[in-house]
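K.L.:
Structure incoming, see below.
Read-outs throughout are calculated quantities, based only on the coordinates presented, and are distinct from any laboratory measurement. Note that the structure is a prediction, hence the values are computed from the model and not measured. Every residue, glycine among them, receives a Cβ derived from its backbone with ideal geometry; neighbour counts consider all protein chains shown.
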Amino acid sequence: MFQSDEDAINRLGLLLKHVGTDSEGHVVPILLVLDDVWPESEELVEKFKFQMSDYKILVTSRVAFRRFGTPFKLDPLVHDHAVSLFQHYAQLNESSSYKPDRDLLDEIVKGCKGSPLALQVTAGSLCQQPFEKWQTMMERLKSQTILESNSTNLLSRLQQSLDILEDIKEKECFVDLGLFPEDQMIPVTVLIDMWATLYNLDEDGIQAMAIVHNLNTRNLISIISTRKVATEADMYYNNHYVVIHDLLRELANHQRKEESELANYQRKEESFDQRKRLIIDLHGDDRPDWWIGPNQHGMSSCMPSSVTRMWVKQKKLKVAAGILSISADETFSSGWCDMRPDEAKVLILNLRSDKYSLPDFTKKMNAMPNLVELSIDYCKDLIKLPDGLCNITTLKKLSITNCHNLSAMPQDIKNLENLEVLRLCSCSDLKEMPESVEGLNKLRCLDISDCASLPKLPDDIGKLQKLEKLAMKGCSKLSELPNSVIKIGNLKHEMHVICDEEHVILWEHYRNIPYLSIDMHKEDINLNWLHRTRS
């Protein structure tokens, strides 16, 4: 994994120079396509101007970047090309359960007005659907008009594709994606945790992933895996991300606003907002009209009268939303609003600043469940675990990944008496595992993959009588196993060891242990996902 954006760009340059020359030393032409580049990313494009022969960059964007040469405006797709693209996404082939006749296909494609996004989403929603679904879609498209340059009408067109989702939970999950900042990769693990809390899905993520895959099938989202592994430990999705196109994010937020307007109309209570989801974006000194800082009680003359009356009576702003999403950039300067999110079960904080403090109202979010899973990923300043973390005895899963400066784990980790999963993946400077790990009596999964500086396992690791999975690939300094692993033979359940070719040899002496299986790990690390990310 890359240490920084500069590191990623440098490695890409090396890769392009490598593939830009064939085996005989001849130059191979290279075209680098940078898709959906936004104005604020122009400086990033400059960094991809590598000094190479026969190398060109193609930039696609919604605005013209004249500094990169003469722009070329792309017109909507002509009908034949639109039909071909539609057939591709609808997967119309010989094995299709239903194939529309040409007239029906043409009418639906015409309704998309040559917009590739509209074609992709509409076709995805009709994939493997019966005749009635196709006929209904055609009638909806005929009853409305769409302008090629009008995003509002396109949003309406995408809404019809969302209506194809029959499962209420799937619709709710799609709308939840609008809570996250635009054009960011959303960790699948966050969605699993959030949906398990909100919709009573299983905590292992099986049901959540089924929803993710179905949304992907409908072309409402894209799934990115930065690292493909042959063997996954305990439904591990830390390398999986979801990306939603900005227009589809607008669709999700459009749906959210419609739901909140209906809720506010039906419920005439004094709560600030009856919507299920509340998004707050904070930039510099800009605030929503209803915003009041902690030291502004009694200073509400600038507020709308309805909110003022409510504030005087309640003193603190009551928020009825079950999901609260707050984004603040590095220019955010003043204090947090003194609100009462009494019913919030999920809090999403996207704080894009080096220094920040948590809002005081988080201390009183009593509706939030006890913390059972904690993931710390790419925290480059993490040298040791925060004080008090090992006192969170409700924790069942602790994942610390890609924290390259973490050098040791605390001895009091044994206090996490309910811990079932401990992952310490790609912590390259981790040099020691505490012997107190043996006290984690409920531990089912221990993953120390790619901890390249770790010299040995805890001496008494064999005492972990509930252990089911041990992942240890990429531990290049680990050269021997402790004698206690022989105690694995006392287990009455299957025990899976996941390692690489180098460490399979260490386990050869223990292959006869009952219920022990040893899986050699293979992985495919690629750069195919890079074009989906933006700074």
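K.L.:
In nanometres, what is the gap between the two model label sites at Ile30 and Glu494, each 7 Å from Cα along Cα-to-Cβ?
P.N.:
4.4
K.L.:
For a quick check: with amide H placed at 1.01 Å from N, whose amide H comes under 5 Å from Ile376's, ignoring anything fewer than 5 positions away on the same chain?
P.N.:
Amide H neighbours of Ile376, under 5 Å, 5+ apart: Ser399, Ile400, Thr401.
K.L.:
Determine, from the Cβ-Cβ distance of Ser53 and Lys73 and an R0 of 30 Å, the FRET efficiency 1/(1 + (r/R0)^6), rounded to the nearest 0.05.
P.N.:
It comes to 0.55.
K.L.:
Next question. From the backbone phi of segment 117-126, what are the Karplus-calculated ³J(HN,Hα) couplings (6.51 cos²θ - 1.76 cosθ + 1.60, θ = phi - 60°) in whole Hz, Gly and Pro given as x?
P.N.:
Listing the rounded values in order: 5, 4, 5, 4, 5, 5, 5, x, 6, 9 Hz.
K.L.:
I would also like to ask the following. For an R0 of 56 angstrom, estimate the FRET efficiency from the Cβ-Cβ distance between Glu40 and Leu104 and round to the nearest 0.05.
P.N.:
According to the calculation, E is roughly 0.85.
K.L.:
Also, quick follow-up: Rounded, prolate or oblate: pick one for segment 44-99, where a ≥ b ≥ c are the square roots of the eigenvalues of its C-alpha gyration tensor, a/c under 1.5 means rounded, and failing that, prolate if a/b is larger than b/c, else oblate.
P.N.:
In terms of gyration-tensor shape, prolate.
K.L.:
Continuing with the same structure: Stretched out fully, how many nm does the piece from Tyr515 to Leu15 gain, at 0.36 nm a residue minus the Cα gap?
P.N.:
Between Tyr515 and Leu15, full extension yields an extra 175.6 nm.
K.L.:
Separate question: Could you compute the FRET efficiency for Asp167 and Ser143, with r as their C-beta to C-beta distance and R0 at 25 Å, rounded to 0.05?
P.N.:
My answer for the efficiency is 0.50.
K.L.:
Could the peptides 180-186, 488-494 be put in order, highest first, of the mean number of other beta-carbon atoms found within 10 Å of their residues?
P.N.:
Peptide ranking by packing, descending: 180-186, 488-494.
K.L.:
Residues with amide H under 5 Å of Phe48's amide H, sequence separation 5 or more or different chain, H placed in the peptide plane at 1.01 Å from N; which?
P.N.:
none
K.L.:
Please turn the phi angles of segment 70-79 into ³J(HN,Hα) values with the Karplus equation 6.51 cos²θ - 1.76 cosθ + 1.60 (θ = phi - 60°), one per residue in order, whole Hz, x for glycine and proline.
P.N.:
These are the phi-based 3J(HN,Hα) values: 5, x, 10, 7, 8, 7, x, 5, 5, 4 Hz.
K.L.:
Would you mind ranking His509, His26 by Cβ crowding within 10 Å, fewest neighbours first?
P.N.:
With the fewest neighbours first, His509, His26 line up as His26, His509.
K.L.:
Can you tell me the order of 368-374, 431-437 when each peptide is scored by its average per-residue count of other Cβ atoms within 10 angstrom, highest first?
P.N.:
Top to bottom by mean Cβ count within 10 Å: 431-437, 368-374.
K.L.:
Apply the Karplus parameterisation 6.51 cos²θ - 1.76 cosθ + 1.60, with θ equal to phi minus 60°, to every residue of segment 458-469 and state each ³J(HN,Hα) to the nearest whole Hz, in sequence, with x for glycine and proline.
P.N.:
Residue by residue, segment 458-469 yields x, 4, 9, 4, x, 7, 7, 6, 9, 5, 10, 9 Hz.
K.L.:
Another one. Using mean Cβ contacts within 10 Å as the protection proxy, how do 125-135, 249-259 order, highest first?
P.N.:
249-259, 125-135
K.L.:
Could I ask something else about it? Label-point separation (nm) for Ala210 and Lys456, each offset 7 Å from Cα along Cα-to-Cβ?
P.N.:
Those two pseudo-labels are separated by 4.7 nm.
K.L.:
Using the Cα atoms as the points, what is the convex hull volume per residue of segment 370-523 in Å³?
P.N.:
Normalising the Cα hull of segment 370-523 by residue number yields 99 Å³.
K.L.:
Please compute the modelled spin-label separation between Gln91 and Leu349, points set 7 Å along Cα→Cβ, answer in nm with one decimal.
P.N.:
The answer from the label model is 4.2 nm.
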